[in-house]
Amino acid sequence: MDLKALKKCLVDGDAAGTTAGVKAALAEGLSAADILGDCLIPGMEEVGDLFSRAEYFVPELLLSARAMTQAVELLKPELSGSGYEAAGKVVMGTVQGDMHDIGKKLVAMMLEGNGFDVIDLGADVPAQRFVETARESGATLVGLSSLLSTTLGAMEDTVKALHEAGLGEDFRVIVGGAPVTAEFASRIGADGYADDASSAVAVVKDLIAATATNAG
Ligand code: B1M
């Protein structure tokens with residue numbers, strides 16, 4: 001499979017070509033992580049660069065996003081294995097005002113693949129919905145995603161609402177997304193920060209292990 005051709009399909013917003021390319025790459029034995037890391041994620045970065053240079057506009061972003069979403073769905077079975085006991089329950093979502101959900105979906109899939117039970121609330125999620133879902137489900141960890149610098153305030157408000165909701169001593173919040181930094185995460189009182197999906201899994205595991213150690 002020519003990964004350059006696959007990347008071009010994604011950048012061109014050709015969903016049929018992208019899904020056919022992903023199927024061919026999987027059939028040739030490439031791993032989901034390699035297809036994502038060497039081809040699809042750099043492809044979306046290129047789409048963002050084209051948008052920044054005003055060569056692409058929102059319709060082109062939407063076409064590439066649709067192709068990426070379909071590709072990610074195809075990779076889901078490999079990213080999220082099944083059949084083992086849940087390592088913990090996590091609520092995930094993109095904060096209010098922000099419609100970007102591809103990166104958050106990837107984080108959710110990687111967590112599922114590592115044995116976590118994930119409740120994915122989608123995008124544009126109000127703070128109170130995170131609070132209510134965490135309370136009703138008994139999840140001990142919430143993951144918040146933001147892709148817009150204009151929704152970092154909603155992320156801060158959501159972290160505050162979750163910490164003020166009295167969800168228990170073991171409750172933790174992690175944050176991530178392109179404009180989020182470790183410094184910002186710590187300033188708004190988040191318990192963890194990760195800059196990509198695989199480090200998010202490591203951070204979630206560490207936070208849950210630390211609360212289990214403290215409890216023991
Ligand atoms: Co928009 N958009 N977009 N967009 N978009 C960006 C984010 C932008 C950087 C493009 C640019 O200008 N270069 C820019 C934001 C600038 C800023 O605020 N700093 C931007 C803009 C401006 C906008 C609009 C305002 C455009 C407009 O209407 N004028 C508008 C906003 C709408 C809204 O949300 N209210 C808008 C709309 C859209 C679409 C709807 C068309 C579409 C999203 C479709 C969808 O998600 N279903 C879209 C897209 C596709 C993008 C780009 C091109 C690609 C985003 C993406 O999917 N990346 C993006 C440019 C870019 O990122 N280079 C852009 C691939 C994905 C795998 O990466 O999401 O970063 P990412 O996730 C990573 C990490 O960030 C991390 O792990 C993931 C996997 O490694 N991560 C976490 C994410 N969440 C995490 C949570 C964690 C841990 C890690 O813990 C909980």
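The values are calculated or read from the model by the stated rules, or taken from the named source; none is laboratory data. As the structure is a computational prediction, the values presented were derived from the model and not from experiment. Note: ideal-geometry Cβ built from the backbone for every residue, glycine included; neighbour counts use all protein chains shown. We work out accessible area using only protein heavy atoms, side chains counted, and drop any ligands, DNA or RNA first. Shrake-Rupley method; radii C 1.70, N 1.55, O 1.52, S 1.80 Å.
Over the chain, what relative contact order in percent results from Cα pairs under 8 Å that are six or more residues apart? Show your work: numbers first, answer last.
Working: 356 pairs, mean separation 33.6, N = 216.
In percent, rounded to a whole number, it is 16.
Once the Cα atoms are used to define both axes, helix 152-164 deviates from the longest principal axis of the chain by about 30 degrees.
Roughly to the nearest percent, how much of the accessible area of the stretch 87-216 is carbon and sulfur, given a 1.4 Å probe? It would help to have the intermediate numbers written out before the result.
On the way: 2850 of 5730 Å².
Taking all protein chains in place, the stretch 87-216 shows 50 percent carbon and sulfur surface.
For the chain, a Gaussian network of Cα nodes joined below 10 Å ranks 110, 92, 44 by mean-square fluctuation, and the top entry is 44.
Helix 58-79 axis versus longest C-alpha principal axis of the chain: approximately 70°, rounded to the nearest ten. Remark: the stretch 89-215 is approximated by an ellipsoid whose semi-axes, taken from the C-alpha gyration tensor as √(5λ), come to 19, 16, 14 Å, largest first. Straight Cα distances below 27 angstrom link residue 89 to the lysines 76, 104, 105, 160, 205, with same-chain residues fewer than 8 positions distant left out. A simple packing score, the average count of other Cβ atoms within 10 Å per residue, orders the peptides 147-154, 193-200 as 193-200, 147-154, with the highest score first.
With the convex hull constructed from alpha-carbon coordinates only, the chain shows a mean projected area of 12.2 nm² over all directions.
In this structure, the amide hydrogen of residue 172, modeled 1.01 Å from its nitrogen in the peptide plane, lies closer than 5 angstrom to those of 141, 142, counting only residues at least 5 positions away or on a different chain.
Residues whose amide H lies under 5 Å from that of residue 97, counting only those 5 or more places away or on a different chain, are 124, 125; hydrogens are built 1.01 Å from N in the peptide plane. Proximity of backbone amide H atoms, modeled 1.01 Å from N, is registered between residue 120 and 92 at under 5 Å, excluding neighbours fewer than 5 places apart on the same chain.
When only Cα pairs below 8 angstrom with a gap of at least 6 residues are kept, the stretch 89-215 shows a relative contact order of 26 percent. Of the GluC sites (Glu not before Pro) found in the stretch 113-216, those in coil by DSSP whose Cβ has at most 11 other Cβ atoms within 10 Å are 169.
Residues in the stretch 83-216 average 46 Å² of solvent-accessible surface per residue, probe 1.4 Å, ligands and nucleic acids excluded. Taking every alpha-carbon pair in the stretch 46-142 and binning the separations at 5 Å intervals from zero gives 3, 12, 19, 19, 18, 14, 9, 5, 2, 0 percent. For the chain, the longest principal axis of the alpha carbon atoms and the long axis of helix 102-113 meet at an angle near 70°.
Just so you know, the Rg over Rh for the stretch 3-80 is 0.97, from Cα atoms, with Rh as the Kirkwood radius.
Once neighbouring chains are kept in place and the probe is 1.4 Å, which whole percent of the accessible area of the stretch 3-80 is contributed by carbon and sulfur?
Working: 2390 of 4010 Å².
Of all accessible area on the stretch 3-80, carbon and sulfur atoms account for 60 percent.
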